[in-house]
Amino acid sequence: MVKKFVGILCAAVLGAISGVAGAQTTATAEAQTTATPGAIYSIPVDPMDADGGTSATTLAPYRGKVMLIVNVASKCGYTKQYEGLQALNEKFGPRGLVVLGFPSNDFKEQEPGTEEEILEFCQGRFGVSFPLFAKTTVVGEDKAPLYKYLTEGDHPGKGEVAWNFNKFLVDREGNVIAHYESKVTPEDPLLNAQIELLLGKK
């Protein structure tokens, strides 16, 4: 009888521990997608180790700026958008915009190069000077924490990345305002108008 009681007690304790662990895991997952003010600044990102890449490990260095976050690739039909992204960065950078590039090899392996090769291509061909991060997974089970927040978070920009050069627009307070598909070019009037609007808010 005592052994039976001890067995029941142990099972109950183990069940409680399992429940707490499960709750902690759920809480962690929810924390990655809950769009609390400024949450985006604490999400870890991988810096680009190659000379000339960004050393930032979070987006905290860009707090107070309007951010345009883009998953980029060097061998894509949209790769020419690098030129327009650089132009946006130059045009609006002095007023507080920063374009952030996250190379990704997720779509038909269109970013196969090393960090050094990516930088050489972007800087040599398009004169890119905006921050570039390490190669990043933007879809699937291994999706990087930043892209989990961008695509699954409770905000207006929520939605999966369908291809290279999707663009997420973030205001000065870290709120994700919009998500633009690949076909929306950096020269798009509506995108530019939205950037102008956000830059005007101090």
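The values are calculated or read from the model by the stated rules, or taken from the named source; none is laboratory data. Nothing here was measured: the structure is a model prediction, and the numbers come from that model. Glycine gets a Cβ as well: all are built from the backbone with ideal geometry, and neighbour counts include every protein chain shown. To get the accessible areas, we keep the full protein, side chains included, count just its heavy atoms, and leave off ligands, DNA and RNA. Shrake-Rupley method; radii C 1.70, N 1.55, O 1.52, S 1.80 Å.
Listed values, structure above:
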item: Pairs where the first residue, in segment 80-93, is small (G, A, S) and the second is open to solvent by 30 Å² or more (accessible area, probe 1.4 Å), C-beta under 8 Å, 6+ apart; result: G84/T185; G84/E187; A87/E187
item: Any chance G140 is outside any helix (DSSP H, G or I), more than 23 Å from Y41 (Cβ to Cβ) and at pLDDT 95 or above; result: yes
item: Segment 149-197, residues that are touching a Leu at 6+ places or on another chain (Cβ under 7 Å), assigned to a helix (DSSP H, G or I) and either open to solvent by 70 Å² or more (accessible area, probe 1.4 Å) or in contact (Cβ under 8 Å) with a residue 60 or more places away in the chain (or both); result: I195
item: Considering residues of segment 133-148 that are touching a residue at least 24 places away in the same chain (Cβ under 8 Å) and among the charged types (D, E, K, R) only, the residue surrounded by the most Cβ atoms within 10 Å (Cβ to Cβ); result: K135
item: Evaluation of F102 against (1) in a strand (DSSP E or B); (2) among the aromatic types (F, W, Y); (3) out of contact with any strand residue (DSSP E or B) (no Cβ under 6 Å at 6 or more places or on another chain) (one fails), failing number; result: (3)
item: Near pairs, Cβ below 7 angstrom, 6+ apart or cross-chain, from segment 59-77 (within 11 Å of F102 (Cβ to Cβ)) to any residue that is β-branched (V, I, T) and in a strand (DSSP E or B); result: I69/V170; V70/V99
item: Residue match in segment 113-132 (condition: surrounded by 19 or more Cβ atoms within 10 Å (Cβ to Cβ) and more than 20 Å from G52 (Cβ to Cβ)); result: no
item: L85 vs. criteria hydrophobic (A, V, I, L, M, F, W, C), modelled with pLDDT of 95 or more and closer than 25 Å to D154 by Cβ; result: no
item: Selection count where residues are at pLDDT 95 or above and touching a Pro at 6+ places or on another chain (Cβ under 9 Å), scope segment 42-65; result: 11
item: Considering residues of segment 95-112 that are among the polar types (S, T, N, Q) and in contact with an Asp or Glu (Cβ under 9 Å, 6 or more places away or on another chain) only, the residue surrounded by the most Cβ atoms within 10 Å (Cβ to Cβ); result: S104
